[in-house]
Amino acid sequence: MKKILFIFFAFLFVIGGYSQPKKKIIYERYAKPKQIKLIFPPNQWQFSKSPILINLKWEKPINVNNFTLYIDKFKDGKWIADIIKPNITNNYIQINYHGTLNFRWKVKAVQQNINVLYESIWHYAKYIGSAQPYVNQIKPKFYPVLIEPKNNTVFRNYPRNITFKWLHSTNPTYHYYQVQIEVFHPRQNKWLPVKYRKGDLLTKNTYLHYNFSADRRGRWHVRGIKRISPKKQVTTPWSQWKYFEFRAKH
C-alpha cells in the first residue's frame, strides 16, 4: 500500500512540474564594433618635416556617412589626446599636422537607425627628422626679468596706456624679445591672448608701450629670441607671468 501511495504522489509531482509556465531565458548580446580598415597613411608611416599636410583615408562601410577622427601624440612616455574631429561626412580628410612627436590615429562611426558601431585599429606614425624646426634644442638657463608694472598693479587711467619694462636676457646673443599679453574673460572664465596690429609682438627694445582693451585683469610675460635664419629661431624660457588690472574712470 505504501509503495502504491509513493508512486501516486511522485506521479502528481512530475505532472505539476511540467504544468508550470517556463521562464524565458534572455541572452544578452554584446556586439563588438565592426572594423574599419585604414588606407593611408599606412601603419608605421614615417615623416621627416613639420608642419606637414597629410591626406588621411579609410574604407567607407555601407550606409555610414559620419565619422570621428582621433589623433594622439606620444609625449613624456604616454599617449595624449591631440586632435578630435567629429562629423566627417567623407571617408577622407586633409590635416595640416604641426609637431615633431610620434602620433597615432583611428576613426569611429555609428551606422544610423540600427546603432551599429564601427571602429578602426590604431595606425602609428613616427617622426624621423634630424632636427626639430622652430623648436629650441639649446635651452638657456636665463630669461628676461620683468620690472614694470609691478605684479598685481591696479591702473585707473584712461586711455588705458601701459608700458611694460624688463631687463635684457643674460645671454647677449638673444637680441629680440617676444611679448605675450593676455586678458581675462569672466564669461568664458579663461585667459585669452590680445590681438596685435602686427601679429606677434617682437621687439629689440626692453620696453613696450601698449593700449589695453578693457577694464579687466591682464597678464604678461617675455622671452628672449635668437634668430638663426628667417624660418628658424632659438628662444629662452618664458619669464613668469605678472598680473595687472584696469579700473579706468571714463
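The values are calculated or read from the model by the stated rules, or taken from the named source; none is laboratory data. No experiment lies behind these values; they were computed from the predicted model shown. Every residue, glycine as well, gets a Cβ built from its backbone with ideal geometry; the counts of neighbours run over all protein chains shown. Accessible surface areas use protein heavy atoms only, side chains included; no ligands, DNA or RNA. Shrake-Rupley method; radii C 1.70, N 1.55, O 1.52, S 1.80 Å.
Cβ-Cβ distances below 7 Å connect the following pairs, each with a first residue in region 54-72 that is of a type in the set (Phe, Trp, Tyr), a second residue that is surrounded by fewer than 16 Cβ atoms within 10 Å (Cβ to Cβ) and assigned to a loop (DSSP other than H, G, I, E, B), and a separation of six or more residues or different chains: 58/37.
For region 41-79: of the residues being in a loop (DSSP other than H, G, I, E, B) and among the aliphatic types (A, V, I, L, M), which is farthest from the chain's Cα centre (by Cα)?
Just the residues of region 41-79 that are in a loop (DSSP other than H, G, I, E, B), to begin with: 41-44, 48-51, 59-66, 76-77.
Okay, now just the ones that are also among the aliphatic types (A, V, I, L, M), so 62, 64.
Details: 62: 31, 64: 26 Å.
My answer is 62.
With respect to (1) out of contact with any strand residue (DSSP E or B) (no Cβ under 9 Å at 6 or more places or on another chain); (2) closer than 20 Å to residue 129 by Cα, the lone exception for residue 78 is condition (2).
Is it the case, given these coordinates, that residue 243 is among the aromatic types (Phe, Trp, Tyr), open to solvent by 50 Å² or more (accessible area, probe 1.4 Å) and part of a strand (DSSP E or B)?
Yes: the conditions hold for residue 243.
For region 80-93, how many residues are under 19 Å from residue 127 (Cβ atoms) and open to solvent by 80 Å² or more (accessible area, probe 1.4 Å)?
Step one: list which residues in region 80-93 are under 19 Å from residue 127 (Cβ atoms), which gives 80-83.
Still in the running and open to solvent by 80 Å² or more (accessible area, probe 1.4 Å): none.
Number satisfying all stated conditions: 0.
Being more than 14 Å from the chain's Cα centre (by Cα) and more than 18 Å from residue 37 (Cα to Cα) is the filter; apply it to region 94-121 and report the residue that is most open to solvent (accessible area, probe 1.4 Å). Working first, answer last.
Start the filter on region 94-121 by keeping residues that are more than 14 Å from the chain's Cα centre (by Cα), which leaves 94-96, 100, 102, 106-121.
Then keep just the ones that are more than 18 Å from residue 37 (Cα to Cα); that gives 95-96, 100, 102, 112-115.
On the way: 95: 11, 96: 89, 100: 24, 102: 54, 112: 114, 113: 161, 114: 104, 115: 124 Å².
In this case the residue turns out to be 113.
Mind checking which residues of region 207-219 are open to solvent by less than 50 Å² (accessible area, probe 1.4 Å), part of a loop (DSSP other than H, G, I, E, B) and out of contact with any Lys or Arg (no Cβ under 6 Å at 6 or more places or on another chain)? Correct list: 214 only.
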